[in-house]
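In what follows, a single structure is set out as structure tokens and then discussed.
The values are calculated or read from the model by the stated rules, or taken from the named source; none is laboratory data. In this text the structure is predicted, and so the values were computed from the model without any measurement. Backbone-built Cβ (ideal geometry, glycine too); neighbour counts: all protein chains shown. These accessible areas exclude ligands, DNA and RNA; they are computed on the full protein's heavy atoms, side chains included. Shrake-Rupley method; radii C 1.70, N 1.55, O 1.52, S 1.80 Å.
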Amino acid sequence: QVQLVESGGGLVQAGDSLRLSCAASGGTDSFSSMAWFRQAPGNEREFVAFIRGSGEIKYYGDSVAGRFIISKDTAKNTVDLQMNSLKPEDTAVYYCAARRGSTIVTDPSRYASWGQGTQVTVSS
């Protein structure tokens, strides 16, 4: 079990930007894949972004492609999500997740380790 802690959420206006961070600890060497998911009240957990290793592979959900950027600092074991041009429909709790393996996986049930989530609220 890897410990994941998200930070950086908050209340912003539509069109603004936010940068979320995920700090990982507790034996993360074998967790080669990291991802961000989000979940709004009453909705299913939605895939946002995926990163493998030091960033040799990145993949984004259709709703955020072109607006969000995922990155990783391998030395510090942190994964960041730069969110630009935020929309009210981006409002959700954002979760960091980790799994073993190199395959691009967008199904949240395939991820074993999760953070507590950080709230992002975008007003119109």
Suppose we filter region 31-43 for residues that are under 14 Å from residue 89 (Cβ atoms), of a type outside the set (A, V, I, L, M, F, W, C) and open to solvent by 20 Å² or more (accessible area, probe 1.4 Å); how many remain? 4
Residue selected from region 52-78 under the condition of a type in the set (Val, Ile, Thr) and at pLDDT 95 or above, by the criterion farthest from residue 13 (Cα to Cα): 70
Listed by range, strands (runs of 3 or more DSSP E) wholly within region 71-124 having at least 2 residues that are farther than 13 Å from residue 20 by Cα are 92-99, 118-123
Test each condition in (1) touching a helix residue (DSSP H, G or I) at 6+ places or on another chain (Cβ under 9 Å); (2) open to solvent by 60 Å² or more (accessible area, probe 1.4 Å) for residue 13 and report the one that comes out false. (1)
Can you name the number of the only condition in (1) open to solvent by less than 70 Å² (accessible area, probe 1.4 Å); (2) modelled with pLDDT of 95 or more that residue 87 fails? (1)
